[in-house]
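Taking it in order: structure first as structure tokens, then the write-up.
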Amino acid sequence: MMAIAFPIFLLIILVLSEMLILSRTGKEKVDWHDVVFNLNSGHLMLWLFRGLELACYGFIVANFSLNIVSDWPPVWLWLFAILMWDFCFYWLHRLHHKFALLWAVHVVHHQGEHFNLSLAVRNSWYSSLASIPFFIPMALLGVPLPVFITVSVLHYSIQLMNHSALTPRLGFLEYILVTPAHHRIHHVNDRAYSDSNYAGSFAFFDRLFGTYRPDLPETDFAYGVKGAKSSQNPFVASNEPFRKYLQARREKKQHKKPDFINSGFVVLSGAVILFALVTGYIWLYGYQISQTLSEQVLLFVLLAAGSVALGGISEGRQWAVISWFVNTWLMLLSFAAYFQWHHPFWMTGMGLLALHSTAVMLGWGRRAITHDDTAQD
């Protein structure tokens, strides 16, 4: 699973490196709470559904493919797959902006208010599920599953770099490839701008279909979406748009004041350790169901619950402090004492999380809400 886990390690290094450069140079203010949510926005659930997406694709290729391109010479097959993937993604992206139900999935990505590399990994839990229908044409035409996976990784890597806050304009390449100069226009919190520049890798699709927009607004602008600020809890952030879409019966909940103020470093340090363990899970299991199913399910549930608890801490919720403490110690004791996982990676990671949660429980990085904090709101 090294081929899967290594790009994730590299992604974290790239994201945190850019944040440190932006912070040190003062080029852009870094909102560490926003960065933490972007990294913590539900990638374990997203990974689970990504496995389902690939399983659906593989099933269609094996049983319903027309095999039109499967026997093409490799060079032509790969070139077709690279172009076809971005064509499918263009329409996926464009229709996610057009239809309210799909927008309920995609809006999580747009709710990020800072344009940087971490924004690229901010996604709804259901992004992969919503992607399934749009790539079926590739399966029907006969693009093999290994080719589809490799091409997907290539395009997602390009899309990661399209969110860089440090990349300058790239000259003539901008007529061919999507660059940060194009994509930052798409993240302006004005639908006149965000409903443009849909392509993921190749800029010519927007020009071809009339959705290209070349410049940012001339007046002051912000990134994100208009309206109430999104939750920093990944469970709420991924599901709240559907509650709004379905117009649930209960009245919209009033904004609740936080129980405490926390420091960005507290949630950042917890998120980095937790993300390391998520990467370890992916490395260990990949898309497979292990023979030791109870261990895999428990680890999955505890990592997902830890993600939710950490989001609650970021929002200043007291319940999340208790949940974080119970969750991390349950993880450590279950896998160290009961399942006998004594590998240094797991013992170090789980031990650090338990120490982190204990320190937070004892008040590290937290302070009570004061009258001045209330007055500022």
Per-region count, the stretch 51-83, residues open to solvent by less than 30 Å² (accessible area, probe 1.4 Å) and not β-branched (Val, Ile, Thr): 8
Condition set part of a helix (DSSP H, G or I) and among the aromatic types (Phe, Trp, Tyr), scope the stretch 258-317, selection modelled with the lowest pLDDT: answer is Tyr285
Any chance Pro168 is outside any helix (DSSP H, G or I) and open to solvent by 50 Å² or more (accessible area, probe 1.4 Å): yes
Please go through (1) surrounded by fewer than 18 Cβ atoms within 10 Å (Cβ to Cβ); (2) not in a loop (DSSP other than H, G, I, E, B) for Glu113 and return the number of the only condition it doesn't satisfy. (2)
Checked the stretch 220-238 for anything open to solvent by less than 70 Å² (accessible area, probe 1.4 Å) and not small (Gly, Ala, Ser); matches are Tyr223, Val225, Gln232, Asn233, Pro234, Val236
Tell me whether the stretch 305-320 contains one or more residues that are closer than 13 Å to Leu274 by Cβ, surrounded by fewer than 21 Cβ atoms within 10 Å (Cβ to Cβ) and assigned by the TED database to the domain that holds Val278. yes
Taking the options Pro137, Pro146, name whichever one is touching a residue at least 12 places away in the same chain (Cβ under 8 Å) and either closer than 19 Å to His106 by Cα or assigned by the TED database to the domain that holds Leu10 (or both). Pro137
So which pairs qualify, if the first residue must be in the stretch 341-360 and in contact (Cβ under 8 Å) with a residue 12 or more places away in the chain, the second must be among the hydroxyl-bearing types (Ser, Thr, Tyr) and buried (at least 16 other Cβ atoms within 10 Å of the Cβ), the Cβ gap must be under 6 Å, and the two must be at least 6 apart or on different chains? Leu353/Thr328; Ala354/Thr328; Ser357/Thr328
How many of the residues in the stretch 181-217 are outside any loop (DSSP other than H, G, I, E, B) and of a type in the set (Ser, Thr, Tyr)? 2
Looking at Pro217 and the list (1) surrounded by fewer than 18 Cβ atoms within 10 Å (Cβ to Cβ); (2) touching a Pro at 6+ places or on another chain (Cβ under 8 Å), which single condition is not satisfied? (2)
Kindly indicate which of Leu20, Leu10 is open to solvent by 40 Å² or more (accessible area, probe 1.4 Å), at pLDDT below 85 and more than 14 Å from Ser131 (Cα to Cα). Leu10
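The values are calculated or read from the model by the stated rules, or taken from the named source; none is laboratory data. Here the structure is a predicted model, which means the values were calculated and not measured. Glycine also receives a Cβ, built like all others from the backbone with ideal geometry; neighbour counts cover every protein chain displayed. Remember, those area values only see protein heavy atoms, side chains included, never the ligands or the DNA or RNA. Shrake-Rupley method; radii C 1.70, N 1.55, O 1.52, S 1.80 Å.
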